[in-house]
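Undergrad: Submitted below is the structure of interest, expressed as structure tokens.
FYI, it's all coordinate maths here, none of it is from the lab. As the structure is a prediction and not an experimental result, all values here were calculated from the model. So basically every Cβ, Gly included, is an ideal-geometry build from the backbone, and we count neighbours across all protein chains shown.
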Amino acid sequence: MIDTHCHLYLDDFKNDLSDVALRASKVGLTHILMPAISAESSEQMDQCIETWEAFNTGIVLHKMAGIHPCEWRPGDRVNRDDLLHKASAPDICAVGETGLDAYWSTEAMAEQRESLDAHLSMAKELHKPIVLHNRETTTELLDRIEAHQDGSLTGVWHCFTGTENEARRAIDLGLHLGIGGVFTFKKTQTREFIKSLPLERLLLETDAPYLAPAPFRGKRNEPSYVAYTAQALADALECSLSSLVDQTTTNARKLFGLPPS
Ligand SMILES: [Zn+2]
């Protein structure tokens, strides 16, 4: 099983990372992908990997490079050289997370857009997948993907919670959909149409420490909880847990170019 979106390097995991690692290996995780949030993330990820490797779980951590849309403030400028330098490193598996967010604040939308465009161009240039965050910006985000899509852009709409039409448009634009803890909530609309989507475009993720699945809703999320989302997804698709895990693992390996383990 692969957790394709996990902020494992944040302070939320500082005090019990070894327990988190143990639980992650018990549920059969093999890879955890870490999206960047800010310029500081790369150093935090390196420290996290160093600590993690001493636990000898066999679970491989992977880094991304990018700036989260909520990090932008009015007047900020994208440092393209720095971003390109970081994202082009061979141990960076994807560009992100980037995207748009009009929920927390709309005061830096111009800066968010400039950043998203820079990330999208870089992902294409580097032939690496893009990892997208979206909150109350669906149409604009998909319009921008469409404008950039020249057949070479791949990526994932992480923590997908949209409608069936939005899912279809995203898939038609070449995107994968990241299914996380929200999928386990009682009122999620995604469960109603998930069966009609191509299984080879679905990925599992936690977005830990955020968005813990049921029965841990509201608590700190962690990589091992991806098993609850996997079970909920298998139930909704009426398939076995093992075939769901096999398929989503294959999807993640292909998209992010992960070596077999
Ligand atoms: Zn995230």
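Undergrad: Once the convex hull of the alpha carbons of region 126-261 is built, what does its volume come to per residue, in cubic angstrom?
TA: Numbers: hull volume 15.5 nm³, N = 136.
That works out to 114 Å³ per residue.
Undergrad: Let me ask you something else. Report the calculated FRET efficiency for S18 and N165 (r = Cβ-Cβ distance, R0 = 51 Å), to the nearest 0.05.
TA: Details: r = 44 Å, r/R0 = 0.87.
Plugging the Cβ-Cβ distance into 1/(1 + (r/R0)^6) gives 0.70.
Undergrad: A further question on this structure: Using only Cα atoms, locate the centre of region 192-230 and the centre of region 67-82, then give the distance between them in Å, rounded to an integer.
TA: Cα centroid to Cα centroid, the span is 28 Å.
Undergrad: Another one. What value in Å³ per residue do you get for the convex hull of the alpha-carbon atoms in the chain? Don't jump to the answer; show the numbers that get you there.
TA: On the way: hull volume 30.7 nm³, N = 261.
Spelled out: Cα convex hull of the chain, divided by residues, is 118 Å³.
Undergrad: For L126 and W104, calculate 0.36 nm times their separation in residues minus their Cα-Cα distance, and state this gained length in nm to one decimal.
TA: Numbers: separation 22, 0.36 × 22 = 7.92 nm, distance 3.04 nm.
Extra length available between L126 and W104 comes to 4.9 nm.
Undergrad: Further question: Using the Karplus curve 6.51 cos²θ - 1.76 cosθ + 1.60 with θ = phi - 60°, work out ³J(HN,Hα) for each residue of region 216-225 in order, rounded to whole Hz, and write x for Gly and Pro.
TA: 10, 3, x, 8, 5, 7, 8, x, 4, 5
Undergrad: Grab the Cα-Cα distance for T250 and K219, subtract it from 0.36 nm times how many residues apart they are, and report the gain in nm with one decimal. Can you show the working numbers first?
TA: Details: separation 31, 0.36 × 31 = 11.16 nm, distance 2.94 nm.
Extra length from T250 to K219 when fully extended: 8.2 nm.
Undergrad: Which GluC sites (Glu not before Pro) in region 1-90 pass both tests, a DSSP loop state and at most 16 other beta-carbon atoms within 10 Å? Mind dumping the intermediate values first?
TA: Numbers: sites: E40, E43, E50, E53, E71; in loops: E40.
In loop regions of region 1-90 (DSSP not H, G, I, E or B), the sparsely surrounded GluC sites (Glu not before Pro) are E40.
Undergrad: A further question on this structure: Going highest first, how would you order 222-228, 142-148 by mean Cβ packing within 10 Å?
TA: Details: 222-228: 24.4, 142-148: 16.3.
Put in order of decreasing packing, that is 222-228, 142-148.
Undergrad: Charges only on Cβ, +1 for Lys and Arg, -1 for Asp and Glu: so what's the dipole of region 2-256 about the Cα centre, in debye to the nearest 20? Working shown, then result.
TA: Numbers: 25 positive and 38 negative charges, 143 e Å.
Here the size comes out at about 680 debye.
Undergrad: If you only keep lysine pairs separated by 8 or more in sequence, or across chains, how many in the chain come under 14 Å at the Cα atoms? Can you show the working numbers first?
TA: Numbers: K63/K86; K63/K128; K86/K128; K128/K254.
Within the chain, the lysine pair count is 4.
Undergrad: Continuing with this model, one more query. Note the full-extension length gain between L241 and L84 as 0.36 nm times their separation in residues minus their Cα-Cα distance, in nm to one decimal.
TA: Numbers: separation 157, 0.36 × 157 = 56.52 nm, distance 3.88 nm.
So the chain would gain 52.6 nm between L241 and L84.
Undergrad: In nm, to one decimal, how far is the D143 label point from the D46 one, both placed 7 Å along Cα→Cβ?
TA: Here the answer is 4.0 nm between the modelled labels.
Undergrad: Using only the Cα atoms of region 25-170, what do you get for the radius of gyration and for Dmax, in Å?
TA: My reading of the Cα-based Rg and Dmax gives 15.7, 46 Å.
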